[in-house]
Amino acid sequence: MSPSRRNVLIGIAGSAATGGLAFSTGAFSQVAADRTATVNVVGDEAAYLALIPGESPHAEADSDTNQKLEVDVGPADNNESYAGKGVNDEGITRFKDLFDVVNQGTQEVEVSITPYKKDGNSNDVEITDGSVAFYDQDNVNGTLGEAKNVDGTSVTTGNTLDVGLEVDTRGDNSVSDLAQIDVEATARNNGGS
Amino acid sequence: MQRRTILIVVVALAAGGGAVLGSGAFSSASADRTATVDVAGDANAFLGLDPGTENEDSPYATTTTTNSSNEVLALQFDGGPGESGGEGLGKDSTYQFDNVFTVTNQGPRAVALEYIIAPETDSGNGHDGVKEFRLYNGSDPGEDLNGSFMDGGGTIGPGESITVGVEITTNNRNVTSEPDNEITVRLKSTGAEVGGGGGDENETILPPIETSNGESGG
């Protein structure tokens, strides 16, 4: 299982400690004491791997979950007004500008996005039938129905990956089973940890 | 020493260590986020599709139930239920059916409509008998949905509707409702540009359209 953000931040602290030992830098215990105060879980927009809602009304930073990004393609929320309840069955719908993945860390990373559904035992199961694709908006086939999930797209420091969503409800599909996405970023030259 | 200063020191050390040890500040991150998509029948979907008009049913449009138990728009020109008398389309003729179905923009952005007939009609591979299949604005066959009608600012705003007419031109071959003669219509809506954003795109595939002139296939 991938590390949570909290773990990632602790990992950063670990790097600092290692570097400190290697260089025999002084005054480290004091730094370590304050370092615990830096293990903050921040809202998605401020995180090292920032997830920022785009112009689409179907993604937002959820105030109920500490500003975590939430994708919700469904009926209008309080501050919206449209009558549609969902995507058309037997169709393909693409939502552009759903959210941005911004690399606010210090290294180039490779980003992948994986959609999951729940099985009968509430376990996460990857959706592999191609019916749900969180795609790289700058690198996508213009034909509806042919978008692919972001898979190892490079994002350099300070740069942004624009993510759109394509759902394909033709035939039997997993669209309405979509429960969550996993956004993963791995530093290049990091051995693919 | 204030905390702010100390934090800057920590960051600097981390970066320095990273450069030497080949391991950076942010080596890997994984974030699980809630994501859900609702699927709706055509009447309640973002691109709302309803048979007939608000005030009048059409004998050529109905709904059918998908595998997911949603009701979706279906067109029929084969003398089926709801039609009176005639059993279908005559040969070498052009038929215009006004106000067959209604498209309502139930999404948050203005959209433009277009349509794709697949496979192309009168190709010799299926669709024997149907030479051309067009969709037009309401009761005006001159305003083809793929023509200048939409290009001329004819977008459908949120909450707005248009009715759609169907024109079918037949040739001198039999028009049958055999499966390989079925016509598929993709109705495509494209979101108007809003504030530099891309707008959404939607292609809805109507169930294969039944056409017949009442004669047996051959």
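Rule-based calculations on the coordinates, nothing more; no lab input. The model shown is predicted, which means the values in this text are computed figures rather than measured ones. All Cβ positions, even for glycine, are placed from backbone atoms using ideal geometry, and neighbour counts span all protein chains on display.
The mean count of C-beta atoms from other chains within 10 Å of the C-beta of residues in A:166-172, rounded to a whole number, is 4.
Taking a temperature of 37 °C and a viscosity of 0.692 mPa s, what whole-number D in µm²/s does Stokes-Einstein yield for segment A:80-193 with Rh from Kirkwood over alpha carbon pairs? Provide the component values of the computation, followed by the final result.
Numbers: Rh = 15.3 Å.
Calculated translational D: 215 µm²/s.
Coupling constants for segment B:98-107 follow from the phi torsions by the Karplus curve (6.51 cos²θ - 1.76 cosθ + 1.60, θ = phi - 60°), and in residue order they are 6, 6, 6, 8, 10, 10, 10, 7, 9, x Hz; glycine and proline get x.
Listed here are the pairs A:LYS85/A:LYS148; B:LYS131/B:LYS188; A:LYS68/B:LYS188; A:LYS68/A:LYS148; which of them are more than 31 Å apart at the Cα? Don't jump to the answer; show the numbers that get you there.
On the way: A:LYS85/A:LYS148 25 Å; B:LYS131/B:LYS188 22 Å; A:LYS68/B:LYS188 33 Å; A:LYS68/A:LYS148 24 Å.
Beyond 31 Å between Cα atoms: A:LYS68/B:LYS188.
Listed by chain and number, the aspartates and glutamates whose alpha-carbon sits under 12 Å from that of A:LYS118, ignoring those within fewer than 8 places in the same chain, are A:GLU126, A:ASP177.
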